[in-house]
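Below is one structure, written out as structure tokens; the observations come after it.
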Amino acid sequence: MKKRIAILLCLAMLVSVFAGCNTQTREEAQTPVTSTAPESSGSSSSGSSEPAVQREPVALSLVTLASDEKVANVIRDQLKKAGFDVTVNVFPDSGTFNAAVETGEHDLSISSHSGSGSPDANVRGPFHSEGAWNRYGYKDAEIDALIDEASSLDGDPSLDAYKRFEIAMVEEKAYITPLYSALKTFAVNKNIVDADSIEASVGGARWVWSTKYTDMSQAETRHYKMGINWAGPNSFDCCQGSNGTTYYQRTNINVPLIQVALGGVVTTRGSLTRAYTVGEGSQDLYFALRTDVNFGAMQNGEAIDTGLPVAAEDVKYTYERAMDGSVPNGVGASYLSYVDTVNIVTDIEQLKSAKASDGSSVLDALNAGLKTPITSIAADKYAADENAGVYEVLHIHLKSQYPQQLQTLSSGQISIVCKQQIEKINEGITAANYDPNSHVLYGDPSTLKEGEDSGMYFSGPYVLSHVDDYGSYLVRNPGWNPESEDAGQIKYIDMLAIADNSTQTAAFRNGELDEAMPGGENIALCEADENINMLKRPSVGVYFLANLQLGNSKMVDENLRKAVLYAVNTDEILAVLGTENYVPAGSTLIMLNTGFRVMADAAKSAEYLNAYYESQE
């Protein structure tokens, strides 16, 4: 027994010795133990003597285009400070970028969207559940309802409705973190190009038909060389133009029913319409079509006039094709969601009896905008002759009032295509049976080879000659009235795709290009060059950080989305990009002045991140 007690005493002494290494005094024991984790990790002192939980930073995967890598790196650093571990995945072009987003294996993407200039076009496509550009997985009935409500309103009620959309989309649900809008920058060689001739639509695409040389004696022989940012074109079929890779080309090779110039001004210049009017009740639109435009095409390496008029039946076909969902990967329906029917007027009495919004007859309202008044309706497209007062008239009836419809009709995704040629080339192919491995669709870049006839017909002031690894090559459409104000001034336009902006700017400054699209620090380089005219235009395009709602994305958690929203400081991003060329965005509604903008708030970010951690315990 004595032996056993002695052993126990020895063990107690050993324990006392080892315990003494960490023994606290009475005073020390009353001092709280704080975590060694950085404050930005979302942890906080509890005030107790127990150590706080050490939390691992939340791992996020961010995808971006190479052109936006600088912005991605700034966002990565900001999120790291807020308690995230961000991996940036860089993709060279829109095709690979969009494919990565749609895998559902990533959490965030730096994305951009530019509609036709109307507010609805800037929110419906990317954020509505049925939006053609909704690659992010947004399916929210409340957001859909707010978009639909705002689109049906005008004036101040519309502004109030769009602000409610912004609050819900950004502040309450944090689906996106708005970043900025970049001014559209066009740099031209002042010794070669007339800067006053450089024009763009409200959506930002260049109208190259207005471009002139300072010496127009070169217009028929010298190729105009312009640098564009997008390589790897996806499709030259308007309805499949789902990204910017063919934006500039499609704007000039296919004519829209109506145009919208900078400032949101609706115009018939560069369009198929000679005059238009809105019917009483604002649900009916009428368009008297011009008769001096034929489809152009390439034949034996030359641009030709096919003799086929760009007619009302082609507009009807273009719109109904976009709306019925028959086009594989089609994106035009977003611009026509309010269209009920597209009709070709056959009787002038219909125009006499219908009332315009100003109280006059539709016929009188149309005639007020025509040089030669309507005397009769053309029996067919070949009989139309506006000089003789014989017109085709198109009537669009809307499901409900939609004040923005005229603006959205200017979209390049619903520019007019040739019914005859598309039905011939796409015969038997539908969205339901389309197989990308075996079907070659109308407008596929692989069919546009130099010296070969692609079968494409072009309704715009230019035809697309061919495409190669370096760019797209346009030739003036001989079927477009050369006496019109919107005829192509220069015969040959070479759109050369140079995705790296520094390389493009260097080529431009070296004289290899007549025009470029400088961005970032390259703008200052061009502004300092005495041989360059820099033109800056406001843009309706907006960049935003999308919180992806697909697959394995962590951003389905609202607390996590809000932690990201308040961690991103757009003022810091603008300081890196240059505030003289970029403006902050409260949402994608950059064309509206709602006064809405969410500012970075580190405390709120930490609060929401902590809430996320607690929800995972």
| Do any strands (runs of 3 or more DSSP E) entirely within the range 243-330 hold 3 or more residues that are among the aliphatic types (A, V, I, L, M) and in contact (Cβ under 8 Å) with a residue 12 or more places away in the chain, and if so, which? | 284-289, 302-309
| message | I'd like the full set of residues that are surrounded by fewer than 20 Cβ atoms within 10 Å (Cβ to Cβ) and either acidic (D, E) or under 13 Å from A82 (Cα atoms) (or both), limited to the range 580-611. | response | E580, A600, D601, A602, A603, K604, E607, N610
| Test result for A611, in the same structural domain as K81 (by TED's automatic domain parsing), at pLDDT 95 or above and not basic (K, R) | yes
| Going by the structure shown, is A432 small (G, A, S), in the same structural domain as V342 (by TED's automatic domain parsing) and either surrounded by 14 or more Cβ atoms within 10 Å (Cβ to Cβ) or at pLDDT 95 or above (or both)? | no
| task | Return a yes/no flag: does the range 381-401 have any residue that is part of a loop (DSSP other than H, G, I, E, B), under 27 Å from the mean Cα position of the chain (by Cα), in the same structural domain as Y319 (by TED's automatic domain parsing) and not charged (D, E, K, R). | result | yes
| message | I'd like the residue in the range 233-249 that is surrounded by fewer than 24 Cβ atoms within 10 Å (Cβ to Cβ) and at pLDDT 85 or above and, out of all such residues, is nearest to the chain's Cα centre (by Cα). | response | Y247
| message | Restricting to the range 451-464, name every residue that is within 24 Å of S210 (Cα to Cα) and in a loop (DSSP other than H, G, I, E, B). | response | M456, Y457, S459, G460, P461
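Listed here are the residues, each with its yes/no results for (1) at pLDDT 95 or above; (2) in contact with a helix residue (DSSP H, G or I) (Cβ under 8 Å, 6 or more places away or on another chain).
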{"position": "L262", "(1), (2)": "no, no"}
{"position": "V265", "(1), (2)": "no, no"}
{"position": "T268", "(1), (2)": "yes, no"}
{"position": "S271", "(1), (2)": "yes, no"}
{"position": "R274", "(1), (2)": "yes, yes"}
{"position": "T277", "(1), (2)": "yes, yes"}
{"position": "Y286", "(1), (2)": "yes, yes"}
{"position": "T291", "(1), (2)": "yes, yes"}
{"position": "T306", "(1), (2)": "yes, no"}
| Within the range 345-382, can you find the residues that are closer than 15 Å to L289 by Cα, of a type in the set (G, A, S) and surrounded by 15 or more Cβ atoms within 10 Å (Cβ to Cβ)? | A365, A378
| Residue among T341, T291 that is closer than 29 Å to P478 by Cα and hydroxyl-bearing (S, T, Y) | T291
| request: Collect the residues in the range 60-81 that are outside any strand (DSSP E or B), among the aliphatic types (A, V, I, L, M) and touching a Ser or Thr at 6+ places or on another chain (Cβ under 8 Å), keeping them in residue-number order. | output: V71, A72
| message | If I ask for residues that are of a type in the set (S, T, Y), in contact (Cβ under 8 Å) with a residue 60 or more places away in the chain and assigned to a loop (DSSP other than H, G, I, E, B), which ones from the range 404-450 would you list? | response | S410, S411, S415, T430, Y434, Y442
| query | Taking into account only those residues within the range 65-121 that are in contact with a strand residue (DSSP E or B) (Cβ under 8 Å, 6 or more places away or on another chain) and of a type in the set (D, E), which is farthest from G520 (Cα to Cα)? | reply | E105
| said: Can you find a residue that is free of Cβ contacts under 8 Å to residues at least 12 places away in the same chain, of a type in the set (K, R) and more than 20 Å from Y402 (Cα to Cα) anywhere in the range 344-353? | reply: yes
| Which listed residue, of V266, V170, V208, V188, is β-branched (V, I, T) and in the same structural domain as E423 (by TED's automatic domain parsing) | V266
| field | Where a residue in the range 183-205 is at positive phi and touching a residue at least 40 places away in the same chain (Cβ under 8 Å) and its partner, wherever it lies, is buried (at least 18 other Cβ atoms within 10 Å of the Cβ) and part of a strand (DSSP E or B), with Cβ under 9 Å and at least six apart | value | G204/K184
| message | Of the residues L560, L577, L565, only one is farther than 30 Å from Y613 by Cβ, assigned by TED's automatic domain parsing to the domain that holds K139 and buried (at least 19 other Cβ atoms within 10 Å of the Cβ); which? | response | L577
| message | Can you say whether Q401 is touching a residue at least 60 places away in the same chain (Cβ under 8 Å) and closer than 18 Å to V278 by Cα, as far as the supplied structure shows? | response | yes
| query | Being out of contact with any helix residue (DSSP H, G or I) (no Cβ under 6 Å at 6 or more places or on another chain), modelled with pLDDT under 95, under 28 Å from V540 (Cα atoms) and of a type in the set (S, T, N, Q), is that true of even one residue in the range 71-94? | reply | no
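The values are calculated or read from the model by the stated rules, or taken from the named source; none is laboratory data. The shown structure was predicted, so the numbers you read here are calculated from the model rather than taken from an experiment. So basically every Cβ, Gly included, is an ideal-geometry build from the backbone, and we count neighbours across all protein chains shown.
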